[in-house]
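Structure, as structure tokens:
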């Protein structure tokens, strides 16, 4: 079952987020296997990432093998972030041509 994952990290700065992205680019594919959509940016709650995954197992593997170590490399821990998950019933996207690419 596809899932949507919302990760919010109040402690993560924009600079740290950039360093995490750079680390992820050196450790595997971006987007990672199983990720269908990834949106990220700074919000009033800190740094937030909304992602849609084929299933929770692929998301969990990415967190364990790549995202956790990327966080640790900049002095952060996924344990300090808030994660919300729900099953995806519908995913609709318009024309993404010209969308920001990180």
Task: Residues (in contact (Cβ under 8 Å) with a residue 40 or more places away in the chain and either touching a strand residue (DSSP E or B) at 6+ places or on another chain (Cβ under 9 Å) or farther than 17 Å from residue 26 by Cβ (or both)) located in segment 58-77 - done: 59, 67, 71, 75, 76
Task: Selection within segment 42-61 - assigned to a strand (DSSP E or B) and at negative phi - done: 42, 43, 47, 48, 49, 50, 51, 52, 53
Task: Tally, over segment 23-57, of residues that are without any contact (Cβ under 8 Å) to a residue 12 or more places away in the chain and over 20 Å from residue 2 (Cα atoms) - done: 4
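Rundown of residues vs (1) surrounded by fewer than 18 Cβ atoms within 10 Å (Cβ to Cβ); (2) farther than 25 Å from residue 96 by Cα, yes/no style:
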| position | (1), (2) |
| --- | --- |
| 13 | yes, yes |
| 21 | yes, no |
| 24 | no, no |
| 29 | yes, no |
| 37 | yes, no |
| 60 | yes, yes |
| 68 | yes, yes |
| 73 | yes, yes |
Open item on the list: Consider segment 1-38. How many of its residues are outside any helix (DSSP H, G or I) and out of contact with any strand residue (DSSP E or B) (no Cβ under 7 Å at 6 or more places or on another chain)?
Closed with: 6
Task: Near pairs, Cβ below 6 angstrom, 6+ apart or cross-chain, from segment 83-96 (in contact (Cβ under 8 Å) with a residue 24 or more places away in the chain) to any residue that is loosely packed, with under 10 Cβ neighbours inside 10 Å and part of a loop (DSSP other than H, G, I, E, B) - done: 87/1
Task: Checking residue 87 against (1) at pLDDT 95 or above; (2) surrounded by 11 or more Cβ atoms within 10 Å (Cβ to Cβ); (3) over 14 Å from the mean Cα position of the chain (by Cα), the condition it does not meet - done: (2)
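The values are calculated or read from the model by the stated rules, or taken from the named source; none is laboratory data. Since this is a predicted model, take the numbers as computed values, not measurements. Here Cβ is always computed from backbone atoms with ideal geometry, including for glycine, and neighbour counts include all displayed protein chains.
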